[in-house]
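Values in this text are rule-based calculations from the coordinates and carry no lab data. The shown structure was predicted, so the numbers you read here are calculated from the model rather than taken from an experiment. So basically every Cβ, Gly included, is an ideal-geometry build from the backbone, and we count neighbours across all protein chains shown.
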Amino acid sequence: MASAALELMGFVLGSIGMLGTLVATVLPYWQISAHIGSNIVTAVANMKGLWMECVYMSTGSFQCDTYNSILALTGDLQASRALMVISLVLSVLGVFISTLGMQCTVCLEGSGAVKSRVAGAGGCLFLTAGFLALIPLAWTTHEVIQTFYSPTVPNSMKFELGECLYLGLASALLSMLGGGMLSASCCEEQEGGRGRRGGGYPYPVGGSATLGTGVRHNPQAYRNPTLQMGGIGAASRGQTLIRSGSGSSHTSTHGGQTVKKPPAKGYDVTGYV
């Protein structure tokens, strides 16, 4: 039950991280123009993203211009695009694979080991997606901060951190946390399954375990091999005595009555009379 709750929590966190990463990838609020120094006119606000550059007027108009040429973009922007798209693809695959492998679903029933491995694979995909999304977000954050404090860059060219960077960083961390929970639940389930296999010494393999108590009951009584060997010898000795006692039995006459002496008692299997 604990592993099922852990899987469900990891799946929810991974799904939230995927949605946040999608919003951060699409929206242009990665860099926002900084109104500092002589650039105190707030009538126009410039915003830059991965796919477009937008301008917001104080009159309420909002105009965006997409990047028409991919080859004209800088190398870091192209790499950021590729990493964010790959992260989204891996997150979507992680959602589908985790849905198949979670214990609360009816998919892949009857194969517990395979089901837990599938859930662990979905967790690994979430982990990889969060890590890939974290790279361009951290790199862009570092670049914006470095440019803002650079004395050689004019104030009109400086930007501040946009809302998409904060959202993307939080979403990447949530994806990694959810993937870690799914992977941990898979490892916990496999360790539990290995602990329930077989019937270790001194209980035979055919013994059954009682759930909840951890006490193992064996339908066959356990006997010490030494006692078993002694019991067999005692049984043979008892049979020999019974035969000799039967052969030596005789009748005696006392007071005109015939009395037949009972045969000698033998020994039972345990060796006691």
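Tabulated data for the structure shown
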item	result
Tail beyond 29 Å, pair distance distribution of segment 2-193 (Cα, percent)	36
Percent antiparallel among DSSP beta bridges (both partners in segment 28-167, rounded to 5)	100
Segment 97-162: GluC sites (Glu not before Pro) falling in loop per DSSP and having at most 15 other Cβ within 10 Å	Glu109
Label-point separation in nm, Met57 to Leu71, each point 7 Å along Cα→Cβ	3.5
Rel. contact order, % - alpha carbon contacts under 8 angstrom, at least six apart, segment 2-193	35
Distance from segment 152-187 to segment 9-26 (C-alpha centre basis), Å	11
Local electrostatic count at Tyr56 - Lys and Arg +1, Asp and Glu -1, tallied over other residues with Cβ under 15 Å	-3
Extreme residue, positive dipole direction of segment 2-193, given options Ile86, Leu174, Gly130 (C-beta unit charges)	Ile86
